[in-house]
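Asker: This is the structure I have questions about; it appears just below.
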2 protein chains.
Amino acid sequence: MKKVSIKDIAQMAGVASSTVSFVLNGKARKMRISETVEKRVLEVARTAGYYPNQLAISLRTGKSKTLGLIVENIGNIFFATLAKTIEEEAEQYGYRVVYCSTENNASKGKELINMLSQRQVDGYLITPAPHMEEDIQQLVQLQRPVVLIDRYLPAVEASHVLVNNAEAVGQGMAHLFSQGYREIGFVTVDLDVIQIEQRLDGYIAALSKEGIRLNKDIILKIPYTHHREDAIELIAGLLKNNPQLDALFFATNYLGILGLESINRLKMSIPEDIAVISFDDHDIFRLYPPGITSIQQPVEAIAKKAVALLMDQCENTDIRFDKTEVELTAKLIVRGST
Amino acid sequence: MKKVSIKDIAQMAGVASSTVSFVLNGKARKMRISETVEKRVLEVARTAGYYPNQLAISLRTGKSKTLGLIVENIGNIFFATLAKTIEEEAEQYGYRVVYCSTENNASKGKELINMLSQRQVDGYLITPAPHMEEDIQQLVQLQRPVVLIDRYLPAVEASHVLVNNAEAVGQGMAHLFSQGYREIGFVTVDLDVIQIEQRLDGYIAALSKEGIRLNKDIILKIPYTHHREDAIELIAGLLKNNPQLDALFFATNYLGILGLESINRLKMSIPEDIAVISFDDHDIFRLYPPGITSIQQPVEAIAKKAVALLMDQCENTDIRFDKTEVELTAKLIVRGST
DNA sequence: TTACACATCTAAAACGATTTTGCAAAATTT
DNA sequence: AAATTTTGCAAAATCGTTTTAGATGTGTAA
């Protein structure tokens with residue numbers, strides 16, 4: 001079945017295709033199309049089941065009304081809810097979102113940027129993987145609307161919105177101290193991205209503030225491309241080799257989940273044998289007995305702010321925008337694990 | 001910064017734009033473009049940073065190389081992994097996927113189909129919400145490639161791939177019986193979709209096979225648009241009002257998770273006070289002590305098969321396809337909860 | 001010398017919309 | 001009555017590609 005185009009409608013209604021376009025775009029008044037013609041066109045379009053070809057519109061107008069969202073891993077609940085919230089938010093502005101995952105791989109990230117460029121997205125929301133500086137800087141230089149989320153690249157002149165990672169970790173550490181924990185291990189990922197660094201910085205700062213000597217042995221950096229099993233073993237090893245530990249701080253939710261599995265296998269109990277706190281909330285943390293204390297990012301606020309920033313750039317492409325840096329506050333959710 | 005088009009390249013290289021197109025599409029040989037010209041064009045395109053406008057290509061060729069994927073809720077891990085696997089699978093064929101959620105709302109589903117149609121997707125993968133029969137049948141009648149996943153609509157002439165829901169539940173029930181459980185409650189959702197019905201049918205058939213009288217009081221249908229709290233209360237109520245229950249069968253993973261919370265609040269322990277089994281696996285089920293027995297769908301196989309069916313239709317639009325019905329086997333994962 | 005094949009490209013139409021410009025007829029002003 | 005403006009629509013250009021159908025020149029055979 002052939003699709004019906006604006007030309008077909010024009011022919012059926014006995015008018016020019018431009019007339020159909022005016023009517024269908026509500027410009028009948030402005031273009032002084034008579035009511036008779038307007039009604040006829042509307043009627044014909046309706047009965048013929050006409051719907052416009054978005055590709056053609058985009059090509060002609062130069063606006064695709066689409067945003068590209070590049071996250072680390074859409075399978076992770078943090079990014080999934082972020083994506084969903086961003087989508088809902090963008091819809092308010094009449095924009096669609098297409099999203100994709102880098103898996104923290106720069107070359108995949110480069111490909112994704114290319115793919116999105118080819119599809120003429122109007123703007124980019126990116127959680128940059130390491131070594132994507134150049135590709136993103138290029139977008140900025142081409143004056144493409146770009147907003148970075150969750151982390152940023154110091155070398156790149158792009159606006160960004162993220163949480164106060166260091167302070168949030170500090171808050172979590174203060175909570176641990178107040179509960180009497182002193183020997184606190186830190187499990188993070190061996191990944192060269194700023195928010196992970198900030199979280200470690202927060203840990204170190206908190207220790208020094210409390211006057212505790214930094215012990216590098218109880219900081220575990222797990223390779224990003226770990227296999228499940230290996231990571232679980234590494235964390236278990238940390239616990240076995242450092243029996244003095246009374247608490248573990250996990251830098252992300254997937255690390256926390258792996259940690260639960262390690263603790264489980266060692267038949268240690270939370271919080272009696274070891275207290276647990278993790279960055280990023282997760283269903284499991286709410287449910288897993290006795291409840292895992294975590295640091296919850298304000299996903300909705302992040303999404304709203306990022307989309308707002310991006311929309312601002314999209315709708316005013318003529319203006320040159322300054323780099324805007326937004327830092328939102330994460331929230332400590334205290335549960336039974338501490 | 002103005003984007004550079006094929007015309008610009010043509011001008012810079014001193015040739016016609018058709019020549020550029022031939023070269024860039026590797027048709028230089030076929031169109032007998034001289035090597036001199038070919039090299040020059042390639043060089044100019046490279047240094048000018050040319051990349052094609054996918055919109056224009058799609059418009060001209062009539063193929064967008066994009067598939068539309070409509071799921072129930074991209075936030076649910078089952079659909080999220082399904083989506084991701086489908087995306088990876090489609091990539092093998094050189095297709096992109098755009099996905100969106102119905103929230104089981106037919107009117108939202110209708111809108112999504114419209115949106116995807118406007119964007120000229122080449123094919124549709126749909127987990128249909130109730131009452132979407134008409135809209136989907138229309139796609140089929142327009143000869144658009146369509147494959148239904150996870151469930152199907154008896155009234156619609158579209159291919160589909162799903163799991164053997166009834167048998168899988170039967171298998172789970174048989175396992176429960178073999179462990180000595182007799183009083184098995186069934187928690188499902190009040191939703192008029194076929195796979196949910198099949199799961200209930202499987203439960204009823206298993207009971208009758210075992211010679212146990214059906215007790216409607218221990219079948220709980222939770223309204224789909226429940227609030228978390230209400231659902232948890234409903235399940236807790238089921239347990240309180242039926243102290244004879246020794247096991248609960250949950251029809252989906254989100255129901256299972258809600259159930260865990262209910263059981264938690266009643267301070268009942270698994271599996272001593274109540275055994276638990278759920279359809280659809282989830283991270284939580286693997287981790288939550290003592291491990292929740294579940295029925296795992298072969299997500300990867302579903303994705304592969306669905307994409308293969310759809311690709312077949314997309315690449316051979318001339319042929320009229322018969323309705324293909326694929327049923328895959330789900331797998332029982334026994335854990336500590338039973 | 002003419003015709004014909006071949007090599008090497010170019011011109012132009014098309015995809016489906018939007019938007020600027022053009023133009024005849026009717027209405028209004030001078 | 002002539003000049004001007006307004007009305008109501010049509011024509012054509014345009015977006016960036018692909019693709020079909022020539023155009024042009026050169027070497028070869030008749």
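Please treat every number below as a calculation from the coordinates, not as lab data. Since this is a predicted model, take the numbers as computed values, not measurements. Because the Cβ atoms are built from the backbone with ideal geometry, glycine has one as well, and the counts that use them run over all protein chains shown.
Asker: Can you spot a residue in region A:79-94 that is surrounded by fewer than 16 Cβ atoms within 10 Å (Cβ to Cβ), within 15 Å of DNA strand C (Cβ to nearest atom) and touching a residue at least 12 places away in the same chain (Cβ under 8 Å)?
Answerer: The answer is yes; a qualifying residue exists.
Asker: Criterion first (surrounded by fewer than 17 Cβ atoms within 10 Å (Cβ to Cβ) and closer than 21 Å to B:Ser294 by Cβ) does B:Gly170 satisfy it?
Answerer: Considered against the rule, which asks whether it is surrounded by fewer than 17 Cβ atoms within 10 Å (Cβ to Cβ) and closer than 21 Å to B:Ser294 by Cβ, B:Gly170 comes out as no.
Asker: Filter region B:4-16 down to the residues that are near DNA strand D (Cβ under 8 Å from one of its atoms) and of a type outside the set (D, E, K, R), then identify the one that is farthest from A:Leu142 (Cα to Cα).
Answerer: Checked region B:4-16; the qualifying residue farthest from A:Leu142 (Cα to Cα) is B:Ala16.
Asker: Residue check: is B:Gly62 within 12 Å of another protein chain (Cβ to nearest Cβ), closer than 21 Å to B:His226 by Cβ and out of contact with any Leu (no Cβ under 7 Å at 6 or more places or on another chain)?
Answerer: No, not satisfied.
Asker: So which of B:Val156, B:Val189, B:Val169 is β-branched (Val, Ile, Thr) and part of a loop (DSSP other than H, G, I, E, B)?
Answerer: B:Val156
Asker: Given the condition of a type in the set (Val, Ile, Thr) and outside any loop (DSSP other than H, G, I, E, B), answer yes or no: does some residue in region A:99-112 qualify?
Answerer: no
Asker: Also, quick follow-up: Does A:Thr127 satisfy being among the polar types (S, T, N, Q), more than 12 Å from chain B (Cβ to nearest Cβ), within 16 Å of the chain's Cα centre (by Cα) and closer than 24 Å to A:Glu315 by Cβ? Working first, answer last.
Answerer: Values: among the polar types (S, T, N, Q): yes; more than 12 Å from chain B (Cβ to nearest Cβ): yes; within 16 Å of the chain's Cα centre (by Cα): yes; closer than 24 Å to A:Glu315 by Cβ: yes.
The answer is yes for A:Thr127.
Asker: Do we have A:Ser58 as within 12 Å of DNA strand D (Cβ to nearest atom) and under 19 Å from B:Gln118 (Cα atoms) here?
Answerer: Judged against the criteria, A:Ser58 is a match.
Asker: Any residue at all in region A:2-9 that's crowded, with 16+ Cβ neighbours inside 10 Å, over 22 Å from B:Asp122 (Cα atoms) and more than 10 Å from DNA strand C (Cβ to nearest atom)?
Answerer: Within region A:2-9, none of the residues are crowded, with 16+ Cβ neighbours inside 10 Å, over 22 Å from B:Asp122 (Cα atoms) and more than 10 Å from DNA strand C (Cβ to nearest atom).
Asker: Moving on to the next point. Would you kindly identify the strands (runs of 3 or more DSSP E) lying entirely within region B:249-338 that contain at least 3 residues that are under 30 Å from B:Arg144 (Cβ atoms)?
Answerer: B:325-328
Asker: Pairs under 9 Å by beta carbon, first residue within 12 Å of B:Gly49 (Cα to Cα) in region B:1-30, partner aliphatic (A, V, I, L, M) and within 10 Å of DNA strand C (Cβ to nearest atom), six or more apart or different chains?
Answerer: Listed by first residue and then by second, the contacts come to B:Ser5/B:Ala56; B:Ile6/B:Val20; B:Ile6/B:Ala56; B:Ile9/B:Val15; B:Ile9/B:Val20; B:Ile9/B:Val41.
Asker: Continuing with the same structure: Among the candidates B:Asn104, B:Asn53, B:Asn76, which residue alone is crowded, with 16+ Cβ neighbours inside 10 Å, within 11 Å of another protein chain (Cβ to nearest Cβ) and more than 22 Å from A:Gly68 (Cβ to Cβ)?
Answerer: Values: B:Asn104 fails: within 11 Å of another protein chain (Cβ to nearest Cβ); B:Asn53 fails: more than 22 Å from A:Gly68 (Cβ to Cβ).
On inspection, the qualifying residue turns out to be B:Asn76.
Asker: How about region A:10-32: which of its residues are away from DNA strand C (no atom under 11 Å from the Cβ), farther than 23 Å from B:Ser117 by Cα and surrounded by 15 or more Cβ atoms within 10 Å (Cβ to Cβ)?
Answerer: Of everything in region A:10-32, those that are away from DNA strand C (no atom under 11 Å from the Cβ), farther than 23 Å from B:Ser117 by Cα and surrounded by 15 or more Cβ atoms within 10 Å (Cβ to Cβ) turn out to be A:Ala13, A:Val15, A:Ala28.
Asker: Checking B:Leu69 against (1) more than 9 Å from every other protein chain (Cβ to nearest Cβ); (2) within 16 Å of DNA strand C (Cβ to nearest atom): exactly one of these is not met. Which one?
Answerer: It fails just one condition, (2).
Asker: Which members of region B:17-44 meet the condition of being within 9 Å of DNA strand D (Cβ to nearest atom), over 27 Å from A:Asp122 (Cβ atoms) and touching a helix residue (DSSP H, G or I) at 6+ places or on another chain (Cβ under 6 Å)?
Answerer: B:Met31
Asker: Can I ask one more? Look at B:Leu248 and say whether it is out of contact with any Lys or Arg (no Cβ under 8 Å at 6 or more places or on another chain), more than 14 Å from chain A (Cβ to nearest Cβ) and buried (at least 21 other Cβ atoms within 10 Å of the Cβ).
Answerer: Yes.
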